[in-house]
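What follows is one structure encoded as structure tokens, with my remarks underneath.
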Amino acid sequence: IANQLFYVQRDPNTNTIICELNVNGKGQVDKDNPVHVYWIRYTEDESRKELGYIQRKFAYGIESKALANDQFELRFVSHKKLPLYLTRSEDDKKYHVYVTVNNKKIQVERIFLRIEGGSFWLPNVKYVEIKGVNTSTNALITERIKI
């Protein structure tokens, strides 16, 4: 996926949520909506499908706030405590999403949600794993956050 920033997976669902850089026809980031979030439906025909209203407003939607120098603060609507940052990398000049977890800055590649029971409106999220690249060592890293 050309402009993929990272993806989100959860169990027990095999479908994947893609978070993609949202650009206009000139290749510029859409300042009002810099990240396009949608499903890849592996259980159907591997097609793309937009998030439904409830998913967008209460679960997997991303709220963004423009900062200086084409940087954006991103927060999932369902967990606003953890800010992510969309920034152009000095190394490859491409946009990536970064988060700081356990005092480590991570270039995010994958987020995994471990869900055990709960309900539609209040799933029991046991933990979140963030997988990516530790920006200080360039090593692959996985950090777990208990929710």
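Summary table
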item: Assigned charges on the beta-carbon of Lys, Arg, Asp, Glu; the chain dipole about Cα centre (debye); result: 420 debye
item: Exposure proxy order (Cβ contacts within 10 Å, fewest to most) of Phe76, Phe112, Phe58, Phe120; result: Phe120, Phe58, Phe112, Phe76
item: Ranked list, fewest to most other Cβ atoms within 10 Å of each Cβ, for Glu46, Glu143; result: Glu46, Glu143
item: Label point at Asp32 placed 7 Å out along Cα→Cβ; residues across the stretch 53-79 whose backbone nitrogen lies under 15 Å; result: 64-66
item: Distance cut-off 27 Å, percentage of C-alpha pairs in the stretch 4-146 lying past it; result: 20 percent
item: Ser47 versus Asp70: modelled label distance in nm, points set 7 Å from Cα along the beta carbon direction; result: 3.5 nm
item: Sequence-distant lysines (8 or more away, or on other chains) whose Cα lies within less than 24 Å of Lys146; result: Lys57, Lys80, Lys81, Lys104, Lys105, Lys126, Lys131
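Bear in mind these aren't lab numbers, they're just calculated from the coordinates by the rules spelled out. Model, not experiment: these values are computed from the prediction. Positions of Cβ are generated from backbone atoms using ideal geometry, with glycine treated the same way; all protein chains shown enter the neighbour counts.
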